[in-house]
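Structure first, then comments.
The numbers here are math on the coordinates, done by the rules we state, and not lab data. Since the structure is predicted, the reported quantities are computational estimates derived from the model, not experimental observations. When we count neighbours, we look across all protein chains shown, and the Cβ atoms used for this are built from the backbone with ideal geometry, even at glycine.
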């Protein structure tokens, strides 16, 4: 993608939040990823994004 504003970035893990047109996205993907990675497995998701540059996600899971 082309990166996102801080306003959009602050909501990306909210259930049903999407920037896509009506009927083109449910807004559940990142919410479900957060639930599985962070809440169920005590992992971490870090997000870096710059408008007109791009977005990078870093996912960390604990080793047990």
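If you go through the stretch 53-64, how many residues are in a loop (DSSP other than H, G, I, E, B) and under 16 Å from residue 8 (Cβ atoms)?
Taking the stretch 53-64 first, the residues in a loop (DSSP other than H, G, I, E, B) are 53, 61-64.
In the following step, the residues that additionally are under 16 Å from residue 8 (Cβ atoms) were identified as 53.
The total comes to 1.
Are any of the residues in the stretch 2-19 surrounded by fewer than 13 Cβ atoms within 10 Å (Cβ to Cβ), part of a loop (DSSP other than H, G, I, E, B), in contact with a helix residue (DSSP H, G or I) (Cβ under 8 Å, 6 or more places away or on another chain) and touching a residue at least 24 places away in the same chain (Cβ under 8 Å)? No - not one qualifying residue is present in the stretch 2-19. Residues in the stretch 20-52 that are surrounded by 11 or more Cβ atoms within 10 Å (Cβ to Cβ), in a loop (DSSP other than H, G, I, E, B) and in contact (Cβ under 8 Å) with a residue 12 or more places away in the chain: 6 in all.
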